[in-house]
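> Pasting a structure below so you can have a look.
The numbers here are math on the coordinates, done by the rules we state, and not lab data. Keep in mind it's a predicted model, so treat the numbers as computed, not measured. For neighbour counting, all protein chains shown are included, and Cβ atoms are generated from backbone atoms with ideal geometry for every residue, glycine included.
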Amino acid sequence: MTAKQNLLFLCTGNSCRSQMAEGWGKKLLSDRFDVYSAGIEKHGLNPNAVKAMSEQGVDISSHYSKTLDDLKGVHFDVVVTVCGHADETCPVLPGSTKKIHHGFDDPPKLAENAANEEETMIPYRRVCEEIKTFVENIDDYLV
């Protein structure tokens with residue numbers, strides 16, 4: 001039996017996209033990976049990300065915003081940056097760490113001018129689905 005690898009999803013504030021990715025990773029990849037998320041900064045858990053994931057049957061309500069400092073001592077085999085800022089400011093990783101960048105739109109930014117809650121949730125739901133598809137196909141990026 002092969003030991004699980006450590007997989008990190010990294011974003012700017014660890015509030016939305018990386019949290020969704022951690023949720024999908026834990027649901028879909030837990031047989032192969034111990035899945036984590038972190039941010040360059042802590043922005044708190046976005047309640048609309050929690051809602052979008054809940055609608056998909058994935059509970060991330062107990063997640064919390066953290067940085068890499070909060071995960072000291074964990075060696076990551078794979079780091080996936082899910083936004084451009086995290087990709088540009090990602091700290092230097094050990095040579096054995098595989099880094100993948102796959103950016104996703106920022107739902108809070110897209111929802112800034114939404115007229116109501118239903119309109120607000122549209123980008124959250126779309127990005128939630130896009131992240132799920134990425135996680136389902138992560139092996140395509142690990143080659």
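> Using the charge dipole of region 5-138 (Lys, Arg: +1 at Cβ; Asp, Glu: -1 at Cβ; taken about the Cα centre), state which of S62, Y36, C16 has its Cα farthest towards the positive end.
Y36
> Could you order peptides 72-79, 110-117 by the average number of other Cβ atoms within 10 Å of their residues, highest first?
Working: 72-79: 14.2, 110-117: 10.8.
Result, highest mean Cβ count within 10 Å first: 72-79, 110-117.
> Out of [x] 48, 30, 27; [y] 44, 42, 23; [z] 42, 31, 29, which label holds the value of Cα extents along the principal axes in Å that was computed here?
Looking at Cα extents along the principal axes in Å for this model, the match is [x].
> So if I place +1 on the C-beta of Lys and Arg and -1 on the C-beta of Asp and Glu, and nothing else carries charge, what would the dipole magnitude of the chain be about its Cα centre? I want it in debye, nearest 20. Mind showing how you got there, number by number?
Values: 15 positive and 22 negative charges, 84 e Å.
Charge dipole, the chain, about its Cα centre: 400 debye, nearest 20.
> So for L45, L93, fewest C-beta neighbours within 10 Å to most, what's the order? Walk me through the numbers before you get to the answer.
Values: L45 18, L93 14.
By the 10 Å Cβ count, ascending, the order reads L93, L45.
> Would you count, across the chain, every pair of lysines whose alpha carbons are under 18 angstrom apart, provided the pair is eight or more residues apart or spans two chains?
So the count of such lysine pairs works out to 16.
> Rank the residues I100, I138 as a footprinting-exposure proxy: fewest other Cβ atoms within 10 Å of their Cβ go first.
On the way: I100 16, I138 20.
Going from least to most buried by this count: I100, I138.
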